[in-house]
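Undergrad: Input: one structure, supplied below.
The values are calculated or read from the model by the stated rules, or taken from the named source; none is laboratory data. Predicted, not measured: the structure shown is a model, and the values here were computed from it. Note: ideal-geometry Cβ built from the backbone for every residue, glycine included; neighbour counts use all protein chains shown. Just so you know, the surface numbers come from the protein's heavy atoms only, side chains and all, with ligands and any DNA or RNA stripped out. Shrake-Rupley method; radii C 1.70, N 1.55, O 1.52, S 1.80 Å.
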Amino acid sequence: MANFIALVDGDTERRGRFLRRVLAEIMPVESLRIDSVEVGDFAAVWAASDRAPISSTCSDTSAAIIWGDAIPGPGSERLDAPGLLRAWEPRPKALPGPFDGFHAALRYDGVQGLTLGADLLGLFPVYYAQRAGVLLIGSSPELFRHHPFFPARLNGEGLAGILLTHAPFEGRALLAGVRRLRPGFLLRWHRESEPVEAEQYAMPAAASIESGSFREDVDRLDATLAMAIDRHVPRNGTAGVLLSGGRDSRLLAGYLRERGHPLHALTLGAPTDYEVIGATAVARALGCTHRVMALEEQQFPPGAELQAKWEHLGSGFASIHMWGAIAPLRDLPSRCLSGYLREIREVEPMPTAFAELLVGVRHRGIAPATLHRLMRRDAFDGMIAGLERRLQVVYEQGCSVEAQRPWRFLLAHDWRSHAGGVPWKLSFGSWPVLPILDRAVLELLSALPDSSLADRRAQDEILRRRFPDLARLPLDRNSDDTLPLLPSVGQRILHRVRRGVEPIRRRIPRKVERRYYHRVYDVNGPGWRAVRQLAERHRERLASLFDMNVLSELVPGPDTRIDIEHPIQGSFGTKMLIGLMLWSGDHLS
């Protein structure tokens, strides 16, 4: 990623002190390059891989920076910083069009003010705060507290919103006065006014396409994904692939192979994992170089400390292991194709009733009833009920098509924060290429009928028809079922036998956990036990916020097993509380 901080501050001495402080602390991990621009009262500093696609320009009165790939539209080349200066030239009563690709972009002019934006889904994190004519913006709130105008004080409503929705609800961060830019919005600021968020992009809310056939839906999706790969992967270069044993990455890798891109794949996991077995077979079929890297449990505590410090629960706290992927990603080419969030509509239908959705297993926040018990009434009286009411309004107004409200709500909140938060970490190693961040892909996914998308039906059909050699290989489903999409007769017979003995197998303790995600997300595993031990030192700092007896129920001591009905999805709320304990060590007195 690019970890950036920028400010507009007319006090030269104060601005200089702040910049000197952040220059000393801006690198979350080692081996990054620090760059900066400064124009008049404006300055920006960032730390990124020396291979990261970053463009900047400045003159006596203006500056522009793009961190990542900003692609204006079909047939367009990637925008550079001089192009951004022209594209975002202020126009009365008009907003510039959005860009595809994973990026954040900034334009500053000493007279016209500042404009700031990010990718279509707001996956690239952008935070901002303003006071007394001083504006701070950054990819993390962490460095804000080094400016004397923005001391680190907890925002109670921000905390409650994050715990309830697994995301900064309505943009409210943990620190008072700090907000995260909402997805699809531009930030505009002039020193004589408050910052204003203006909606730049929203997925169309239309009834499903009446295609007439499943085959036509598959053809549409296939063609749109293929075009997105053409647009987002740089021409005439090698490409990296974060290759899992599942569907998404093998589908995207198949498109890359068709285009003749030399491929280099990385798979995270142990050699015995179903994930690695499936990915190894795919890499062999693709004819690409392939590296397997196990994320060791001893990497979890330093990853947890990095996530607590730099992300402030803005991406939850379950993906701490992915900080360990940065080093092996540096061995891949400068850009790495990733399937994150490719499946936003290709899951089973979800309940449309708001209350049912909010406590369902697909939602990663803490249930309202539990939050009422946990948060002290003397500190949060009435706040949670008020948040629930606003949350329901956001849900109901989020889409005019009732059937689409659940997945759009989850996409804007916990899906965006959890899966959508991983690319920011990964870009320290290799810049993520995310075909989901393409208007044509998003608009088609919003329009295709559930009957074609649910349970990965259309995706599976593309694999069977277009990439049958990949569909014949073992498929990791995060379970013991690895039956290929195009199984042989022998594989079908073996699958039936295994299903018959499954009730017996479940009663036998596993000697080795071969399901990769079950292992890395196991809150009772050795890696998470070590994180819990690290966080335990700060438990008492939460006494002014929580009922400590309820906190002990939800997060018992590190030597106590936590029983959770759904070991992966059901642990996200617990992990947010563990992350908050760790965060409080440096941010709460």
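Undergrad: Could you say which residue among 406, 449 is crowded, with 21+ Cβ neighbours inside 10 Å and either touching a residue at least 60 places away in the same chain (Cβ under 8 Å) or closer than 20 Å to residue 121 by Cβ (or both)?
TA: Working: 449 fails: crowded, with 21+ Cβ neighbours inside 10 Å.
Criteria check complete, one pass: 406.
Undergrad: Follow-up. Out of region 97-111, which residues are in contact with a Ser or Thr (Cβ under 8 Å, 6 or more places away or on another chain) and either of a type in the set (D, E, K, R) or assigned to a loop (DSSP other than H, G, I, E, B) (or both)?
TA: Selection gives 102, 107, 109, 110, 111.
Undergrad: List every residue pair whose Cβ atoms sit under 7 Å apart, with the two residues 6 or more apart in sequence or on different chains, where the first one lies in region 265-276 and is charged (D, E, K, R) and the second, anywhere, is part of a strand (DSSP E or B) and open to solvent by less than 10 Å² (accessible area, probe 1.4 Å).
TA: Listed pairs, sorted by first residue: 275/267.
Undergrad: Just checking, which of 584, 571, 589 is hydroxyl-bearing (Ser, Thr, Tyr) and surrounded by fewer than 18 Cβ atoms within 10 Å (Cβ to Cβ)? Spell out how you get there, then give the answer.
TA: On the way: 584 fails: surrounded by fewer than 18 Cβ atoms within 10 Å (Cβ to Cβ); 571 fails: surrounded by fewer than 18 Cβ atoms within 10 Å (Cβ to Cβ).
Among 584, 571, 589, only 589 is hydroxyl-bearing (Ser, Thr, Tyr) and surrounded by fewer than 18 Cβ atoms within 10 Å (Cβ to Cβ).
Undergrad: Could you please find all residues in region 225-273 being among the hydroxyl-bearing types (Ser, Thr, Tyr) and either in a strand (DSSP E or B) or open to solvent by 20 Å² or more (accessible area, probe 1.4 Å) (or both)?
TA: Initial filter on region 225-273 (among the hydroxyl-bearing types (Ser, Thr, Tyr)): 238, 244, 249, 255, 267, 272.
If the condition is that a residue be among the hydroxyl-bearing types (Ser, Thr, Tyr) and either in a strand (DSSP E or B) or open to solvent by 20 Å² or more (accessible area, probe 1.4 Å) (or both), then 238, 244, 267, 272 are the ones that fit.
Undergrad: Which of the residues spanning region 452-481 are part of a loop (DSSP other than H, G, I, E, B), open to solvent by 60 Å² or more (accessible area, probe 1.4 Å) and over 18 Å from residue 341 (Cα atoms)? Full working, then the answer.
TA: Within region 452-481, the first condition is being part of a loop (DSSP other than H, G, I, E, B), and the residues that meet it are 467, 472-481.
Filter again for open to solvent by 60 Å² or more (accessible area, probe 1.4 Å), leaving 472, 477.
472 - this is the single residue of region 452-481 that is part of a loop (DSSP other than H, G, I, E, B), open to solvent by 60 Å² or more (accessible area, probe 1.4 Å) and over 18 Å from residue 341 (Cα atoms).
Undergrad: Pairs please, first residue from region 37-57 and under 26 Å from residue 423 (Cα atoms), second anywhere and part of a strand (DSSP E or B) and among the acidic types (Asp, Glu), Cβ atoms under 8 Å, 6+ apart in sequence or on different chains.
TA: Partner pairs satisfying both residue conditions: 44/38; 45/35; 46/35; 48/35; 54/35; 56/35.
Undergrad: So, one more: I need the full set of residues from region 274-313 which are surrounded by fewer than 21 Cβ atoms within 10 Å (Cβ to Cβ) and either under 17 Å from the mean Cα position of the chain (by Cα) or in a strand (DSSP E or B) (or both), in order please.
TA: Answer for region 274-313, where residues must be surrounded by fewer than 21 Cβ atoms within 10 Å (Cβ to Cβ) and either under 17 Å from the mean Cα position of the chain (by Cα) or in a strand (DSSP E or B) (or both): 289, 290, 291, 292, 293, 306, 309.
Undergrad: If residue 393 meets every condition in (1) within 25 Å of residue 123 (Cβ to Cβ); (2) touching a residue at least 12 places away in the same chain (Cβ under 8 Å); (3) β-branched (Val, Ile, Thr) apart from one, which number is that one?
TA: With respect to (1) within 25 Å of residue 123 (Cβ to Cβ); (2) touching a residue at least 12 places away in the same chain (Cβ under 8 Å); (3) β-branched (Val, Ile, Thr), residue 393 is out only on (2).
Undergrad: Kindly provide the set of residues from region 1-18 that are surrounded by 19 or more Cβ atoms within 10 Å (Cβ to Cβ) and either more than 30 Å from residue 327 (Cβ to Cβ) or free of Cβ contacts under 8 Å to residues at least 60 places away in the same chain (or both), ordered by number. Full working, then the answer.
TA: So the first thing to find is which residues in region 1-18 are surrounded by 19 or more Cβ atoms within 10 Å (Cβ to Cβ), and the list is 1-9, 15, 18.
Correct list: 7, 8, 9, 15, 18.
Undergrad: If you go through region 63-87, how many residues are open to solvent by less than 30 Å² (accessible area, probe 1.4 Å) and within 26 Å of the chain's Cα centre (by Cα)? Spell out the reasoning first.
TA: Start the filter on region 63-87 by keeping residues that are open to solvent by less than 30 Å² (accessible area, probe 1.4 Å), which leaves 63-71, 73, 81, 83-84.
Of the ones still in play, those that are also within 26 Å of the chain's Cα centre (by Cα) are 64-71, 73, 81, 84.
Qualifying residue count, region 63-87: 11.
Undergrad: Can you tell me how many residues in region 187-205 are part of a loop (DSSP other than H, G, I, E, B), of a type in the set (Gly, Ala, Ser) and touching a residue at least 12 places away in the same chain (Cβ under 8 Å)?
TA: So the first thing to find is which residues in region 187-205 are part of a loop (DSSP other than H, G, I, E, B), and the list is 190-195, 200-205.
Now drop any that are not of a type in the set (Gly, Ala, Ser), which leaves 193, 202, 205.
Those left that are additionally touching a residue at least 12 places away in the same chain (Cβ under 8 Å): 202, 205.
So the answer is 2.
Undergrad: (1) open to solvent by less than 30 Å² (accessible area, probe 1.4 Å); (2) touching a residue at least 60 places away in the same chain (Cβ under 8 Å): which one isn't true of residue 484, the others all being true?
TA: The failed condition is (2).
Undergrad: Spot the failing condition for residue 335; the list is (1) open to solvent by 10 Å² or more (accessible area, probe 1.4 Å); (2) modelled with pLDDT under 90; (3) of a type outside the set (A, V, I, L, M); (4) in contact with a Pro (Cβ under 9 Å, 6 or more places away or on another chain), and only one is missed.
TA: The one condition residue 335 does not meet is (2).
Undergrad: Residues of region 23-36 being free of Cβ contacts under 8 Å to residues at least 60 places away in the same chain and not in a loop (DSSP other than H, G, I, E, B), which ones?
TA: Matches in region 23-36: 23, 24, 33, 34, 35, 36.
Undergrad: Any chance you could count how many residues in region 489-529 are among the polar types (S, T, N, Q) and either crowded, with 19+ Cβ neighbours inside 10 Å or modelled with pLDDT of 95 or more (or both)?
TA: Residues of region 489-529 that are among the polar types (S, T, N, Q), as a first pass: 491, 524.
Subsequent filtering for residues that are either crowded, with 19+ Cβ neighbours inside 10 Å or modelled with pLDDT of 95 or more (or both) retains 524.
Adding up the residues that qualify gives 1.
Undergrad: Now, a different point. What pairs can you find where one residue is in region 517-533 and closer than 18 Å to residue 273 by Cβ, the other is hydrophobic (A, V, I, L, M, F, W, C) and modelled with pLDDT under 95, and their Cβ atoms are less than 7 Å apart, with a gap of 6+ or different chains?
TA: Close Cβ pairs satisfying both conditions: 517/568; 518/568; 520/295; 521/568.
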